[in-house]
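This report refers to the structure that appears directly beneath it.
Just so you know, all these numbers are worked out from the coordinates, no wet-lab data involved. Since this is a predicted model, take the numbers as computed values, not measurements. Cβ placement follows ideal geometry from the backbone for every residue including glycine, while neighbour counts extend to all protein chains displayed.
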Amino acid sequence: MIKLRHIILLLFPMLLVSCEKEEKVPVSMQIISVRATRMDGFKNGTDRWDASPNNSDPDPYIRIRLANSTQPWAMSAPIMRNQIGVFTFSGSLFNLQFPQEVYLVEVWDDDSLDLFEGADDFIGGYTFQPWAPGRGHPNTIVLDRPQSGIALELTVSYRF
Ligand SMILES: [Ca+2]
Ligand SMILES: [Ca+2]
Ligand SMILES: [Ca+2]
């Protein structure tokens, strides 16, 4: 007579095997879109991002590269003008060729149109590892720490 204990003993290795099969390792990933779910309304907590009266909200763009690298930054384009609150970066497609390496993503306020604003202003950034064993293949990567000036939601796809 087959007891429940035996069935469990038989099923358990099968479950383990099926879990291992599901853990596909991505050879690359793509960031399809980037959504800002929170962004500081003021520079340094008090100042408008830009001096121009008609252009005082930030003009954010994203840049991404491997954290320990001198390779050129991949930049989002076009730069979005005077964004506040929750918004999605337009045209934000980035290839991540090394999903298990650490990447650095930064958001800057473009000041090239502002005569008195000098260099671009840093809004916020994160280091992140796109994928790690055991994580599955989620469609979104959330980057949100309260001390950062911006929170990001990356929508990603995987190539196996
Ligand atoms: Ca500025
Ligand atoms: Ca502006
Ligand atoms: Ca500036």
- Query: Across region 57-73, what is the total count of residues that are exposed (fewer than 14 other Cβ atoms within 10 Å of the Cβ) and within 16 Å of ligand 3 (Cβ to nearest atom)?
  - Reply: 0
- If we scan region 93-108, do we find a residue that is within 12 Å of ligand 1 (Cβ to nearest atom), touching an Asp or Glu at 6+ places or on another chain (Cβ under 9 Å) and closer than 30 Å to Ser157 by Cα? yes
- Gly136 passes all but one of the listed conditions (1) out of contact with any Asp or Glu (no Cβ under 6 Å at 6 or more places or on another chain); (2) within 16 Å of ligand 3 (Cβ to nearest atom); (3) at positive phi; the exception is number (2)
- Item | Residue count, region 99-133 (criterion: away from ligand 3 (no atom under 16 Å from the Cβ) and of a type in the set (D, E, K, R)) | 1
- Of the numbered conditions (1) away from ligand 1 (no atom under 16 Å from the Cβ); (2) in contact with a strand residue (DSSP E or B) (Cβ under 7 Å, 6 or more places away or on another chain), Pro133 fails exactly one; give the number of that condition. (2)
- Query: Among Phe94, Phe116, Phe122, Phe89, which is within 16 Å of ligand 2 (Cβ to nearest atom) and buried (at least 18 other Cβ atoms within 10 Å of the Cβ)?
  - Reply: Phe89
- Message: I need every pair where a residue in region 41-55 that is hydrophobic (A, V, I, L, M, F, W, C) has its Cβ under 7 Å from the Cβ of a residue that is within 9 Å of ligand 2 (Cβ to nearest atom), sequence separation at least 6 or different chains.
- Response: Phe42/Arg48; Trp49/Ser56; Trp49/Asp57; Trp49/Pro58; Trp49/Asp109; Ala51/Asp114; Ala51/Glu117
- Subset of region 58-106 [aliphatic (A, V, I, L, M) and part of a loop (DSSP other than H, G, I, E, B)]: Ala67, Ala77, Ile79, Met80, Ile84, Val86, Leu93, Val102
- Query: Do we have any residue at all in region 150-160 that's farther than 19 Å from Phe87 by Cβ and within 15 Å of the chain's Cα centre (by Cα)?
  - Reply: yes
